[in-house]
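Read-outs: derived from the displayed coordinates by stated rules, not from any lab. These numbers come from a predicted model, not from an experiment. For neighbour counting, all protein chains shown are included, and Cβ atoms are generated from backbone atoms with ideal geometry for every residue, glycine included.
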Amino acid sequence: MTTHYSLDSGELRISRDDPPFEWQGLVDSLTVVEVHPLADGAEALVLLDAPRGITPVQNLVKVDAEAHVVWRGELPTDTQGDCFVNLAVEEAGNVSASTWSGYQVVLSRQTGRLLERRFTK
């Protein structure tokens, strides 16, 4: 089974041939900024456009081939308005990301839990 993940006008698009499936839409009612399919094709990392506000927003999610959120990335602080601003998949498979509050973090690819954090501002 090959699953394709893509970004289409701010929405996540998922399609596959066997069994036939196609889905397109917002994730957590938020616009999609980036999509990073994972090597196994069964899941993808998605960065969402976080609304500005007084609460932190876990806007980095992993979704499965059925468009279900598997996990939400753990932020390094509970700072007002904190959110993820970019992401990359490390060679070892974990997720590297930066936050609005000035941290560079490493998250577990399996759980989204914070493994490392380093203040960079």
Taking the conditions exactly as written (touching a strand residue (DSSP E or B) at 6+ places or on another chain (Cβ under 7 Å), surrounded by fewer than 18 Cβ atoms within 10 Å (Cβ to Cβ) and not β-branched (Val, Ile, Thr)), does ASP40 satisfy them or not?
no
Condition check: touching a His at 6+ places or on another chain (Cβ under 9 Å) and closer than 18 Å to ARG13 by Cα. Does LEU60 satisfy that?
no
Filter the stretch 78-107 for residues that are crowded, with 16+ Cβ neighbours inside 10 Å, in a loop (DSSP other than H, G, I, E, B) and either more than 14 Å from the chain's Cα centre (by Cα) or hydroxyl-bearing (Ser, Thr, Tyr) (or both) and give the result.
ASP82, TRP100, SER101
